[in-house]
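Take a look at the structure below.
The values are calculated or read from the model by the stated rules, or taken from the named source; none is laboratory data. Everything numeric in this text was worked out from a predicted model, so none of it was measured. So basically every Cβ, Gly included, is an ideal-geometry build from the backbone, and we count neighbours across all protein chains shown.
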Amino acid sequence: MIIMDTLLFGISGLPLGNGYTKFSYASGIDYAKSIGLDAMELLFVRNVNVTDNNKGLILQAKLKNDFYLSAHGSHYINLNANESDRQEQSIERILKALEGLAKVGGRSLIFHPGFYLGVPKEDAYKTIRDNLLRLPLTGVDYRLETTGKGTQFGTLEELVSLCKEISSCKLCIDFSHIHARYNGKLKGFNDFAIILQYVFDELGKSALEDLHIHMGGVNYNEKGERNHLPLLESDFNYVDCLKAIKYFNVKGCIIAEGPMVEKDALLLKETFERL
């Protein structure tokens, strides 16, 4: 069991910089560290873009900067697909992402487990659980991410239950997704505290001492998430979210998602440090 001794702040994908510099993962890590960030989530959402050509430079930058790396798996993962061959393809996508992340010493592979596709939620749960149990035990954690639409498998309760059953699975709490899934439900401190208390009650203190978190602005309607927004252009109450995270003494990593990348990550870090 890994217990982290601090809370890291980082970005999803490559930084913006001055808008003229084109970053690679390696140079992006150097830049993110230089402005005060400690983590990056590599984006494997369309393809695994860590290769034998760039893995050495990425690993070198990671070690030099004492950087935390995670990766977001393919958007085409559905462990509850109707056809068994599509379930197999989803397993393959997870394994390819796992291989890419392992090459650069990454710790957490984040993915959305699947969709209900009209089957009873209990049946979707069983199918997804059985497929997750097929994944190999490695040094990388499988982080199941709370999802932003009612059609997607991935309520907090479902994922906590899976983490109880499967030792290789841990949580990725995307507070913005939860906010969007329930049409703007997370208003103030108590709403965020209820989520963290639930995790503590069900998974114990150790889960809060190694938690992977996504946060960002989000546009939504009654059907859930539509797209990411800059934090300051959204109604997501990041200040109260950070207050709850501080109150529960959460450790781990907060990844800022959305179009403002490192600007929002620094906003979160600086706000947290002022609380």
Review point. Residues in the stretch 115-135: is at least one crowded, with 17+ Cβ neighbours inside 10 Å and under 30 Å from GLN60 (Cβ atoms)?
Key: yes
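Yes or no, residue by residue, for (1) of a type in the set (Gly, Ala, Ser); (2) touching a Leu at 6+ places or on another chain (Cβ under 9 Å); (3) surrounded by fewer than 20 Cβ atoms within 10 Å (Cβ to Cβ); (4) within 16 Å of GLU257 (Cα to Cα):
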| residue | (1), (2), (3), (4) |
| --- | --- |
| LEU203 | no, yes, yes, no |
| GLY216 | yes, yes, no, yes |
| TYR220 | no, no, no, yes |
| LEU229 | no, no, no, yes |
Point to revise | Residues of the stretch 132-148 classified as in contact with an Asp or Glu (Cβ under 7 Å, 6 or more places away or on another chain) and at pLDDT below 95, total | key: 0
Review point. Among the residues of the stretch 235-258, is any surrounded by fewer than 23 Cβ atoms within 10 Å (Cβ to Cβ), under 18 Å from the mean Cα position of the chain (by Cα) and closer than 23 Å to GLY19 by Cβ?
Key: no
**Study point:** Single match in GLY10, GLY28 (criterion: at pLDDT 95 or above and assigned to a helix (DSSP H, G or I))
**Key:** GLY28
Exercise for review: Report whether or not ASP52 is exposed (fewer than 15 other Cβ atoms within 10 Å of the Cβ), among the charged types (D, E, K, R) and in a loop (DSSP other than H, G, I, E, B).
Suggested key: yes
Point to revise | Conditions (1) at pLDDT 95 or above; (2) in contact with a Phe, Trp or Tyr (Cβ under 8 Å, 6 or more places away or on another chain); (3) surrounded by fewer than 16 Cβ atoms within 10 Å (Cβ to Cβ); number of the one not met by TYR198 | key: (2)
Practice item. Within the stretch 88-119, track down each residue that is under 21 Å from CYS163 (Cβ atoms), touching a helix residue (DSSP H, G or I) at 6+ places or on another chain (Cβ under 6 Å) and assigned to a helix (DSSP H, G or I). Key: none
Point to revise | Set GLY184, GLY150: member being surrounded by fewer than 23 Cβ atoms within 10 Å (Cβ to Cβ), in contact (Cβ under 8 Å) with a residue 12 or more places away in the chain and in contact with a strand residue (DSSP E or B) (Cβ under 6 Å, 6 or more places away or on another chain) | key: GLY150
**Study point:** Residue check, ILE58 surrounded by 19 or more Cβ atoms within 10 Å (Cβ to Cβ), assigned to a helix (DSSP H, G or I), in contact with a strand residue (DSSP E or B) (Cβ under 7 Å, 6 or more places away or on another chain) and of a type outside the set (S, T, N, Q)
**Key:** no
Practice item. Could you check how many residues of the stretch 16-45 are crowded, with 21+ Cβ neighbours inside 10 Å and more than 16 Å from LYS64 (Cα to Cα)? Key: 3
**Study point:** Any chance LEU135 is outside any helix (DSSP H, G or I), touching a residue at least 24 places away in the same chain (Cβ under 8 Å) and more than 24 Å from ASN237 (Cβ to Cβ)
**Key:** yes
